[in-house]
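The values are calculated or read from the model by the stated rules, or taken from the named source; none is laboratory data. Small disclaimer: the values here were computed from a predicted structure and weren't measured. Positions of Cβ are backbone-derived with ideal geometry, glycine not excepted, and every protein chain shown enters the neighbour counts.
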Amino acid sequence: MPTTDTRITEKEELDIENAYQDMVAAVKASLDEVDKTNIRQAFVLAHDAHRQQRRKSGEPYIFHPIAVAKIVAEEVGLGATAIISALLHDVVEDTPIEQEEIDTLFGERIGLIVDGLTKLDGTYKHEHQQAENFKKVLSTLVQDVRVVLIKMADRLHNMRTIGSMPKHKQIKIGAETAYIYAPLAHRLGLYEIKTEFQDLCMKILNAEEYEDIETRLKETEEARNDYIDEFLQPLLTELNKSNVNYIAKSRTKSIYSIWNKIKNKGVDLSEIYDIFAVRIIIEPPRKEDEKKLCWEVYSIITDVYKPIAERLKDWVTTPKANGYESLHTTVVGPGGRFVEIQIRTSRMDEIAERGFAAHWKYKGQKLTTDHFGDWLDNVRDILENSNSNAIEFINDFKTNLFNEEVYVYTPMGDMKVMPKGATALDFAFNIHTDVGYHCTSIKVNGKLEPMGYVLQNGDKVDVVTRRNQKPSEAWLKYVITGKARSKIRSSMKEEKKKKGELAKEALVRKFKNLKVDFEESIEVLIKHYGLQSRPDLYYEIFLENIKLQDLSKTFDVVNGKLVKKIDEEELAEMKAKEQELEQREVATAELIHKTVEKRGKTNLVIDGQPADTFEYTFATCCNPLPGDQIFAYPVTNQGLKIHRLNCPNATQILANFGFRVISAGWNDDNISDFATTLRITGIDSGVGVIQAITDKLASELKIDIRSLNISGDQGTFTADLQIVVINKNHLNQVKKALLEMPQVSHVSRLES
Ligand code: MN
């Protein structure tokens, strides 16, 4: 690219300086003169280093580090060290500046953070690069939490400005964010950032639904505000009579969380009562009064409105593992509508919004034995004991460290926080590796339970151990936590290795006897038996699945090499197989030809070209229809698979293998047929619901019905109906027509 393209204009220079000043003005932490000088120095260095680069949007690159520093300063609330690191976060990765230079200029701590933020270099460029990079970020998390906080800010700014990226990149980045960053933000208690991530991802991955909810929220905004006023009035009157210092806030929930409710409960937006929440934030005179005052406010509220007892949640007495503290209740407001109220102090509020960072501030520089500390210990454990590849690692990490939790107790009454879904055996490993290794049986609430028993809140768990007990492969099925999993895996590996050693010695002797080269012959054996590695081969020999004394029956020695014998029988078998394969290929070719003919001309476009030029099939997990947002993904030996962007499997695929994804879409007006399944629920009035539905579809709408399964329960029915439609628009017409029927209350498309 010619340098004239990248040269920064005077006007831009001015904008950059303004953006920088704007960032400095947004700093919440207190800065001394030295801090200010260092921040300026970092800015000057970064500005100079990135001088030749521009972002996809065309603006000079330096705007990005400044924006990241601003998020770090303003939204995360961190101080000088983090701000400087944020300004420098892309310098080592993208410019000629070396890591050593940063270390010398800004010291060891900032050097460490910047290094943590520098992506692994090209030597790791392979399938799991994304996972590897993420693993690196997490390893630095245990050294300095600011690395991951800055990484979050970096991702947040990239997501906010993602509009200038090509669509397929947006999808890839969006999926990765939904898969890893949003849950991590949640786990770190960065509530605001998590919510924004989720909304931004939804806007990319489920654009239609996002816009729909957004529009409808806008339409109902006025009515909602009126209602909130009506609701608050009597409440505030009572609160004002007390001497509690408070602020009342109300906010509409995020589009993503509303959408989740619609999906989970299978209801319409109009049926969701808790679209907004009211928050009472109190300012207690002393920290000791926090809990007492929260309950006092609760008492005032419930004098005015009747509470729903089951919906009381007390995270003031027992905070969530991500540090969240708050007292939640739902009351019956005017007109019988349910309203959620959150009661908390300003300190709790700050922790709730900014999580880890705020928590850190209140605890001082060191994380002591609090929930975050425990969690960090878990992260450290998984990292240190990780025998798995990076993708397995990320999956382990996700199930363990992002999930909701259950609270269980040791026989001594100590509380342990375990991820939801954790088993009794997970608990044993959580107590101590040795307890896990030697676990023979487990009592839950005094009763003997299997190792795979899923822990429930409040369980008292007692692990019985025996010295000579040890883990077996089967145990992997009984655990979900990364700690237990990795401990069992490494124990298995040890065991295999020990046993394999003996087998290896025997093999060396055998090869010596046969006078063949060890290195070469061992590869022949691994290949012949279809194994993965040498330890696997040794282990198979140990198990006597491969018998050394029989080697000469299978192999000849030719010129000091092992060569596979071929006998008549096998030769005949091979020939037969070849023939069969040939026939099958002919058959498949015919079949493909027929399908293509039958499918006719679709309007599918892959990578900008007509789909006919590719070998492709529609994924059966989501059965895309013309009009759906889709992507193509190559599968070994199966050509391209076309998935819906909102396919249940999409996030996982896109987050881990985003680099393989190929863009796909539809041209207008489709002319071919697609099958899809609708779930219809409604009221069974006793007079032929099936008849009514089939009449409507077959006679009135001329829709081809493939199958219909109906079941009823207490006057309601659920019907799964497979029909053939032309495209998504057509499907929407069918949905609408069905909803117009008096018997039908809901119609949804089945995901799989
Ligand atoms: Mn960046």
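So the values come out like this:
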item	result
The range 163-176: number of residues that are assigned to a helix (DSSP H, G or I) and within 15 Å of the ligand (Cβ to nearest atom)	4
Residue match in the range 735-748 (condition: over 36 Å from the mean Cα position of the chain (by Cα) and touching a residue at least 60 places away in the same chain (Cβ under 8 Å))	yes
Whichever residue in the range 140-162 is in contact (Cβ under 8 Å) with a residue 60 or more places away in the chain, away from the ligand (no atom under 14 Å from the Cβ) and not β-branched (Val, Ile, Thr) and, among such residues, is farthest from ALA67 (Cα to Cα)	LEU141
Filtered residues of the range 680-721 (kept if in a strand (DSSP E or B), surrounded by 15 or more Cβ atoms within 10 Å (Cβ to Cβ) and not hydroxyl-bearing (Ser, Thr, Tyr))	ILE680, GLY682, LEU708, PHE717, ALA719, LEU721
Only one of ARG216, ARG251, ARG224 that is in contact (Cβ under 8 Å) with a residue 12 or more places away in the chain, closer than 24 Å to GLY333 by Cα and touching a helix residue (DSSP H, G or I) at 6+ places or on another chain (Cβ under 6 Å)	ARG216
Hits in the range 240-267 - residues which are farther than 24 Å from LYS203 by Cβ, surrounded by 12 or more Cβ atoms within 10 Å (Cβ to Cβ) and hydrophobic (A, V, I, L, M, F, W, C)	VAL244, ALA248
Number of positions in the range 458-477 that are among the hydroxyl-bearing types (Ser, Thr, Tyr) and either under 18 Å from LYS493 (Cα atoms) or surrounded by fewer than 13 Cβ atoms within 10 Å (Cβ to Cβ) (or both)	1
Residue that is nearest to VAL516 (Cα to Cα), among those in the range 544-563 that are free of Cβ contacts under 8 Å to residues at least 24 places away in the same chain and part of a loop (DSSP other than H, G, I, E, B)	ASN559
Where VAL91 falls short, out of the listed (1) surrounded by fewer than 19 Cβ atoms within 10 Å (Cβ to Cβ); (2) at pLDDT 90 or above	(1)
Residue list for the range 730-752, filter: modelled with pLDDT of 80 or more and either part of a helix (DSSP H, G or I) or among the charged types (D, E, K, R) (or both)	HIS730, LEU731, ASN732, GLN733, VAL734, LYS735, LYS736, ALA737, LEU738, LEU739, GLU740, ARG749
Spans of helices (runs of 4 or more DSSP H) in the range 1-92 with at least 3 residues within 14 Å of the ligand (Cβ to nearest atom)	63-70, 80-87
VAL44 being surrounded by 15 or more Cβ atoms within 10 Å (Cβ to Cβ) and hydrophobic (A, V, I, L, M, F, W, C)	no
Given (1) more than 16 Å from the ligand (Cβ to nearest atom); (2) assigned by TED's automatic domain parsing to the domain that holds VAL137, number of the condition GLU209 does not satisfy	(2)
